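Right, one structure below, let's go through it.
The values are calculated or read from the model by the stated rules, or taken from the named source; none is laboratory data. Predicted, not measured: the structure shown is a model, and the values here were computed from it. Backbone-built Cβ (ideal geometry, glycine too); neighbour counts: all protein chains shown. These accessible areas exclude ligands, DNA and RNA; they are computed on the full protein's heavy atoms, side chains included. Shrake-Rupley method; radii C 1.70, N 1.55, O 1.52, S 1.80 Å.
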Amino acid sequence: MMQKQLNVLICDDSVLIRKKLKNILEVCKCHSIEEAEDGIAAIQKAKEMKPDLIFMDIVMPGKDGIEALEEIMNENPALKVVMASSAGTQSHLKQALDLGAYDFIQKPITLEAVTAIIEKIIKEEKGVSANV
Amino acid sequence: MFSQYFGHYLLNNGLLTAQQLKHALDLQKTTHVKFGVIAVDEGFLTSKQVEEIHEKQKQQDKRFGEIAVDLGFLTNEQVDHMLSSQKSNHLYLAQAVVDLNYLSIEEFTNALNEYKKIHSLSDEKFEAIKSGDIDAIVESLIHTNHPEEEAYTEYVSLFVKNIVRFIDDEVYIEASEAKNVEAEWLVSQEITGAKPFWTAIAADEKVFLEIASVFAEEELTEADELAQASVSEFLNLHNGIFLVNMSNKGTELEMKPQKVDHASAVSVHKENSLCMSIHTSKGKFQLLFSHSPENVMVSDKHKENQTV
């Protein structure tokens with residue numbers, strides 16, 4: 001059986017982080033990778049492209065990552081949103097997980113951290129389809 | 001890392017020229033520290049005794065330590081101790097300076113003692129600095145009467161560690177007068193919460209591009225969006241780590257998005273601020289830190305004045 005390829009949305013106000021994360025996701029052979037520069041754009045793109053996974057920064061101008069997470073989870077509680085921040089404080093972590101975030105990674109983002117998340121999602125999805 | 005600090009001390013006090021310091025720092029990477037330098041540094045031998053042993057070495061096929069023991073200058077225990085000190089960081093610079101005939105062992109030792117005296121360093125702290133303990137180095141440089149001096153020290157210490165970790169391991173820092181700083185490029189970030197502060201990196205374009213290139217892991221030749229994002233992300237990453245450390249100590253803080261200004265003049269409140277000059281192999285830039293963000297003024301030379 002062919003392994004499922006994920007559609008991923010990257011939301012970060014830093015063009016550098018978007019570029020680096022996109023390179024990592026390409027190495028991980030993700031199917032479609034789209035980008036959003038802030039929370040508002042992320043909410044819109046999430047509706048349009050229906051991603052399997054979103055990487056969401058927290059500190060962004062306008063609507064921040066926590067606010068965007070809340071709206072996205074209200075819209076689609078099954079969506080997997082991974083918060084990626086340099087400020088992985090206990091309060092951010094708790095807030096994100098309480099709102100339904102799938103995981104939290106501390107910046108700088110590494111290939112290992114991203115690969116581990118993607119493998120975990122693919123494994124979970126395989127488990128679900130095997131049980132259907 | 002101590003070599004950078006002590007090297008700059010020798011330079012600033014006219015004991016070495018910039019060219020000599022560069023040669024010595026380059027040479028120390030391949031230098032093998034000899035026993036004479038260690039013995040004098042440890043206070044086991046005088047420079048005259050070292051010379052006497054060197055003379056004897058010309059006549060006999062014996063090691064330095066053996067001759068010193070034969071002459072009754074050193075005990076076997078002292079020789080063993082010196083063997084374990086041979087990789088001590090600061091001694092590489094000493095050996096390089098002596099090998100290049102820029103200073104005698106005695107002159108180097110005198111300068112080292114003077115450095116220790118000027119910085120009011122206890123033996124314990126000096127040992128920590130010699131072994132490259134960044135916290136001890138920063139603590140010896142920052143002297144304010146501000147109640148948040150500990151936070152200043154922690155912040156700067158972490159910044160130096162992050163420079164070493166992400167940008168360049170040849171770092172030398174010095175505190176400078178904080179009031180008005182002109183910057184070709186200024187990347188700033190405000191931190192809110194129980195103990196708010198404002199922080200910024202100020203650099204000329206050349207150094208800005210160097211930092212941006214190293215952090216982005218690609219050569220950037222223009223201060224475009226990617227270069228600005230790179231330096232911003234470095235500051236954001238550093239502040240994020242600081243926030244995590246503060247959070248672990250029970251102080252919750254939040255970061256605002258970073259701001260980039262081109263050709264700006266910064267004015268900070270002298271009593272509540274700190275300006276550190278950060279010297280790296282990529283060039284020199286400034287780290288600004290203020291406990292009163294409301295008093296920080298950033299004037300854009302191209303636009304109207306604005307408050308950050």
Checklist outcome for this item: Rounded to the nearest 10, the angle in degrees between the Cα long axis of helix B:225-248 and the longest principal axis of the Cα atoms of chain B comes to 80
Item to check | Solution diffusion estimate, µm²/s, Stokes-Einstein, the range B:174-213, Kirkwood Rh from C-alpha pairs, 10 °C, viscosity 1.306 mPa s | outcome: 134
Checklist entry - Mind listing the phi-derived Karplus ³J(HN,Hα) values for the range B:5-16, rounded to whole Hz, using 6.51, -1.76 and 1.60 with θ = phi - 60°, and x for any glycine or proline? => result 5, 5, x, 5, 5, 4, 5, 5, 9, x, 7, 9
Checklist entry - Distances over 26 Å make up what percent of all Cα-Cα pairs in the protein assembly as shown? => result 64
Checklist entry - How large, in Å, is the range B:148-237 by the Kirkwood hydrodynamic radius built from its alpha-carbon pairs? => result 14.2
Next on the checklist: Could you compute the longest span of chain A free of trypsin sites (Lys or Arg not before Pro) located in DSSP loops and having at most 13 other Cβ atoms within 10 Å, not counting the site residues?
Outcome noted: A:30-132
Checklist entry - Give or take rounding to whole Å, what are the principal axis extents of the alpha carbon atoms in the range B:214-308, in descending order? => result 42, 33, 25
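Using alpha carbon coordinates only, what is the Rg to Rh ratio of the range A:22-105, with Rh defined as the Kirkwood radius? Don't skip to the end; give the middle numbers.
On the way: Rg = 12.1 Å, Rh = 12.9 Å.
Using Cα coordinates only, the ratio equals 0.94.
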Checklist entry - At a 1.4 Å probe, what is the % contribution of carbon and sulfur to the accessible area of the range A:7-131? => result 51
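Need one number: % antiparallel among DSSP beta bridges in the protein assembly as shown, to the nearest 5.
Roughly 70 percent of the DSSP beta bridges within the protein assembly as shown come out antiparallel.
As an exercise, identify the chymotrypsin sites (Phe, Trp or Tyr not before Pro) in the range B:137-176 lying in DSSP coil whose Cβ has no more than 16 other Cβ atoms within 10 Å.
The qualifying sites: there are none.
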Checklist outcome for this item: Using the Cα gyration tensor of chain B, the equivalent ellipsoid's semi-axes, largest first and to the nearest Å, work out to 44, 20, 16
Item to check | the range B:48-104: translational diffusion in µm²/s, Stokes-Einstein, Kirkwood Rh over Cα pairs, 25 °C, 0.890 mPa s | outcome: 196
Checklist entry - Where does helix B:205-216 land angle-wise versus the long Cα axis of chain B, in degrees 0 to 90, nearest 10? => result 80
Checklist entry - Using alpha-carbon pairs under 8 Å, 6+ residues apart, how would you state the relative contact order of chain A in percent? => result 22
Checklist outcome for this item: For the range B:143-307, the Cα-Cα pair-distance distribution in 10 Å bins from 0, as whole percents, is 10, 42, 38, 9, 0
Checklist entry - So for the range B:232-286, taking the charge dipole from beta-carbon charges (+1 Lys/Arg, -1 Asp/Glu), which of B:MET276, B:LEU243, B:VAL266 sits furthest toward the positive end? => result B:MET276
Checklist entry - Per residue, how much accessible area does the range B:143-307 show when a 1.4 Å probe rolls over the protein heavy atoms, in square angstrom? => result 42
Checklist entry - Between B:ALA194 and B:ARG63, what length in nm is gained on full extension when 0.36 nm per residue of separation is reduced by their alpha carbon distance? => result 41.0 nm
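Report the gain in length on full extension from B:THR30 to B:GLU219: 0.36 nm times residue separation, minus Cα-Cα distance, nm rounded to one decimal.
So the chain would gain 65.2 nm between B:THR30 and B:GLU219.
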